[in-house]
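Report on the structure given below.
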Amino acid sequence: MSAVSNESTLVDAPVDAPVDAPVVATVVAPVVAPVDAPVDAPVEERQRQDRADTELAVCTLLTVSGMTTARARRLIRAFSARDAYAALCDGGPEVAALFVDDNVTRRLSVAARDAAPIGAMYFDQCQRLGIGLWLPGDPGWERHFGSDTQAPAALFFLGDLLLCEKPRVAIVGTRSATPAGRQVAQRFGRELCDHGVAVVSGLAFGIDASAHAGSLASSDPAPIGVVGSGLNVVYPRQHGELWRRVSTSGVLLSEYLPGVRPSERSFPARNRIIAALADVLVVVESTESGGSMLTVHDAWSRAKPVMAVPGNPLNASCAGSNGLLRRGAATQHRVMACIDTADILSVLALDRLLTCSAVETRREPDAMGMLVLAELGWESATTAKLVARLARPMPEVVAALGTLEMDGWITCRQGQWSQVPTGVRR
């Protein structure tokens, strides 16, 4: 197994990297036990310490020998992100009820008690690399993954996680893209971001990279990269600069601990997260057996709209995307043709933005306003529902809603609050 890098910079993964999920370091770090903040400590300090304890517990849970995504997800949903690891160490009847085989429970419980040093090391590395954790129970998680039977147990991120609360379009396609395909993906990426839409893709060669390049060329860049390795393991290695730019101007997401190298299994697993995050999936050039087709099925299983760009019928790189358009009319899954950005915005119900400026002029919300926007997302919700979701006092939420409405971030119709995208004139 490969040792985890202790550097605070991104490192390359060899193309023939073995399957390491999770990677177990060869150096054992001292145990970092949760330390409770003093009772009389400021509220902010206690909250920071509680968050650190939760992230340490999740990092440790993910390093337990024999742990899988499904098992970790089951534990976290049953006991919460903070308490799942402690519950597994205890191995009580509540834990046993989650697993069919009592032997599995015993093995996991014993392994959990030995995992603390490695978990502490991974947590420390996340801290040094500036990697955050997006966890079940955090703002936005329930909306994206709450009902997903294949949800990640947790996501590591670098960058601005609030971009996941914008309208989101995933752009996927073949690694062996034609110049025309790359041009289309780049144009879509740029124009969607110009209209306040975030662009989700996988940072692979070809269509993925072109979509992100277009997003980064926008006046309002909003790239969301979902990768199949640890966030300090660049793959493909030629995309080091693209990774850095996406993490600086957007956000990088991964379900893998730092140092985990990519494997054949990690890319199909990544695709389900791309589909879960997308409001719309757009396929730009795909072979009939390409990974993009797996993402299409992931989107269909989540009832997400799928669009495809018609391509040259003589080009094998377009056989899959053309096939989607040809067969879609004869199946239960409708696939819409995508010729330009207006088609995508129409499916998003954002076609009205085509005549609006996308330059953000509104005053930036304060911390409470950011929480409200993250929880609201691009759905509608009543004041009562937001109060319940945020678990904050009614006056505090009402005050934040009033400020956000006054500054043009949200609007209220028939008691339902909804966001106003960038560039929309009310």
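Within the range 107-127, identify whether any single residue is under 20 Å from the mean Cα position of the chain (by Cα), open to solvent by 20 Å² or more (accessible area, probe 1.4 Å), in contact (Cβ under 8 Å) with a residue 60 or more places away in the chain and within 29 Å of ILE274 (Cα to Cα), and answer yes or no. So far as the range 107-127 goes, yes, one or more of its residues are under 20 Å from the mean Cα position of the chain (by Cα), open to solvent by 20 Å² or more (accessible area, probe 1.4 Å), in contact (Cβ under 8 Å) with a residue 60 or more places away in the chain and within 29 Å of ILE274 (Cα to Cα). The conditions of being modelled with pLDDT under 95, part of a loop (DSSP other than H, G, I, E, B) and over 28 Å from GLY228 (Cα atoms) are met by VAL39. Annotation note: Cβ proximity below 8 Å between a residue of the range 395-409 that is on the phi > 0 side of the Ramachandran plot and a residue that is surrounded by fewer than 14 Cβ atoms within 10 Å (Cβ to Cβ) (sequence gap 6+ or interchain) occurs for GLY408/ARG362; GLY408/ARG426. Would you be able to say whether some residue in the range 35-52 is open to solvent by 40 Å² or more (accessible area, probe 1.4 Å), under 23 Å from VAL260 (Cβ atoms), among the charged types (D, E, K, R) and touching a residue at least 12 places away in the same chain (Cβ under 8 Å)? Among the residues of the range 35-52, not one is open to solvent by 40 Å² or more (accessible area, probe 1.4 Å), under 23 Å from VAL260 (Cβ atoms), among the charged types (D, E, K, R) and touching a residue at least 12 places away in the same chain (Cβ under 8 Å), which makes the answer no.
Selection of the range 58-97 for residues being part of a loop (DSSP other than H, G, I, E, B) and more than 12 Å from ALA111 (Cβ to Cβ) yields THR68, SER80, ALA81, ARG82, ASP83, GLY92, ALA97. Within the range 187-215, residues that are among the acidic types (Asp, Glu) have Cβ atoms under 7 Å from residues that are assigned to a helix (DSSP H, G or I) in these pairs: GLU191/THR341, counting only partners at least 6 apart in sequence or on another chain. For the range 352-365, residues that are at pLDDT 65 or above and surrounded by fewer than 17 Cβ atoms within 10 Å (Cβ to Cβ) total 4.
Take the conditions at pLDDT 95 or above, in contact with a Cys (Cβ under 7 Å, 6 or more places away or on another chain) and of a type outside the set (Ser, Thr, Tyr) and apply them to GLY130. Does it pass? So GLY130 does not fit the description; no.
With respect to being closer than 23 Å to ARG73 by Cβ and in contact with a His (Cβ under 8 Å, 6 or more places away or on another chain), LEU294 falls outside the description. Among the candidates ASP138, ASP50, the residue that is assigned to a loop (DSSP other than H, G, I, E, B), at pLDDT below 95 and not β-branched (Val, Ile, Thr) is uniquely ASP138.
Of the strands (runs of 3 or more DSSP E) lying entirely inside the range 163-255, not one carries at least 2 residues that are aromatic (Phe, Trp, Tyr) and modelled with pLDDT of 95 or more. Within the option set ALA211, ALA217, being touching a helix residue (DSSP H, G or I) at 6+ places or on another chain (Cβ under 9 Å), crowded, with 24+ Cβ neighbours inside 10 Å and of a type in the set (A, V, I, L, M) holds for one residue only, ALA211. For the range 128-175, the set of residues classified as of a type in the set (Ser, Thr, Tyr) and without any contact (Cβ under 8 Å) to a residue 60 or more places away in the chain consists of SER147, THR149, listed by residue number.
Counting only residues that are over 25 Å from GLN150 (Cα atoms), assigned to a loop (DSSP other than H, G, I, E, B), modelled with pLDDT of 85 or more and open to solvent by 20 Å² or more (accessible area, probe 1.4 Å), how many does the range 316-351 have? Here the count works out to 2. I'd like to check something: does the range 166-185 contain any residue that is over 30 Å from SER289 (Cβ atoms), open to solvent by less than 20 Å² (accessible area, probe 1.4 Å) and in contact with a Phe, Trp or Tyr (Cβ under 8 Å, 6 or more places away or on another chain)? Yes. When the residues of the range 255-309 are filtered to those that are under 29 Å from CYS59 (Cβ atoms) and of a type in the set (D, E, K, R), the one that is surrounded by the most Cβ atoms within 10 Å (Cβ to Cβ) is ARG270. Could you check, for the range 70-78, whether at least one of its residues is closer than 19 Å to ASN271 by Cα and either without any contact (Cβ under 8 Å) to a residue 12 or more places away in the chain or open to solvent by less than 50 Å² (accessible area, probe 1.4 Å) (or both)? Taking every residue of the range 70-78 in turn, at least one turns out to be closer than 19 Å to ASN271 by Cα and either without any contact (Cβ under 8 Å) to a residue 12 or more places away in the chain or open to solvent by less than 50 Å² (accessible area, probe 1.4 Å) (or both). In the range 278-306, the residues that are assigned to a helix (DSSP H, G or I) reach residues that are of a type in the set (Val, Ile, Thr) with C-beta atoms within less than 6 angstrom, at least six apart or across chains, in these pairs: SER292/VAL172; SER292/VAL283; THR295/VAL172; THR295/ILE274; VAL296/VAL306; ALA299/VAL306.
Among the residues of the range 366-422, the ones that are open to solvent by 40 Å² or more (accessible area, probe 1.4 Å), at pLDDT below 85 and part of a helix (DSSP H, G or I) come to 4 in all.
The values are calculated or read from the model by the stated rules, or taken from the named source; none is laboratory data. These numbers were taken from a predicted model, which means no experiment stands behind them. So basically every Cβ, Gly included, is an ideal-geometry build from the backbone, and we count neighbours across all protein chains shown. To get the accessible areas, we keep the full protein, side chains included, count just its heavy atoms, and leave off ligands, DNA and RNA. Shrake-Rupley method; radii C 1.70, N 1.55, O 1.52, S 1.80 Å.
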